[in-house]
1. Restricting attention to the stretch 1-53, which residues are surrounded by 13 or more Cβ atoms within 10 Å (Cβ to Cβ), among the charged types (D, E, K, R) and within 19 Å of Glu78 (Cα to Cα)?
2. Could you check how many residues of the stretch 64-73 are among the small types (Gly, Ala, Ser) and surrounded by 14 or more Cβ atoms within 10 Å (Cβ to Cβ)?
3. Can Ser36 be described as among the small types (Gly, Ala, Ser) and under 12 Å from Ile86 (Cβ atoms)?
4. Working carefully through the options Val39, Val47, Val30, Val26, find the one that is of a type in the set (A, V, I, L, M), touching a Leu at 6+ places or on another chain (Cβ under 6 Å) and closer than 18 Å to Gly3 by Cβ.
5. What's the total number of residues in the stretch 53-89 that are free of Cβ contacts under 8 Å to residues at least 40 places away in the same chain and of a type outside the set (Asp, Glu)?
Amino acid sequence: MDGQLYDKAVVDRPARVSGMSRGNDVALLVAEYYGSKPVTVTVNLEVPAASDVLDAETGEKLGALAAGKQTLAVKLDEHRSRVLWIKGK
């Protein structure tokens, strides 16, 4: 993998988050494996540049973030995890 561990994202347990960054882009895995009902996970993160938030599987644009400290609400359905591409502009 050409990138670095991204450690600027946190969530409340039992949710989990991990990521990799390269330049102004971040790949972020958000997951919550303990429940069975849809849930929204709040991710507190810091992004290096203004960015679009994309679902990495579908390419759907989910929103946009300004540079700096931000909060992102991530909806999880029965799959219990979602990979996001935070694409720097």
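1. Passing the criteria: Arg16, Glu32.
2. Start the filter on the stretch 64-73 by keeping residues that are among the small types (Gly, Ala, Ser), which leaves 64, 66-68, 73.
So of that shortlist, the ones also surrounded by 14 or more Cβ atoms within 10 Å (Cβ to Cβ) come out as 67.
Total satisfying the criteria: 1.
3. Numbers: among the small types (Gly, Ala, Ser): yes; under 12 Å from Ile86 (Cβ atoms): no.
So Ser36 fails the test.
4. Values: Val39 fails: closer than 18 Å to Gly3 by Cβ; Val30 fails: touching a Leu at 6+ places or on another chain (Cβ under 6 Å); Val26 fails: touching a Leu at 6+ places or on another chain (Cβ under 6 Å).
The conditions single out Val47.
5. Applying the first criterion (free of Cβ contacts under 8 Å to residues at least 40 places away in the same chain) to the stretch 53-89 yields 53-73, 75, 77, 79.
Those still in the list that are of a type outside the set (Asp, Glu) too: 53-54, 56, 58-59, 61-73, 75, 79.
Total satisfying the criteria: 20.
Only the coordinates and a few stated rules stand behind these numbers; no lab work does. Everything numeric here is computed off the predicted structure, so don't read it as measured data. Cβ coordinates were reconstructed from backbone atoms using ideal geometry, including for glycine residues, and neighbour counts include every protein chain displayed.
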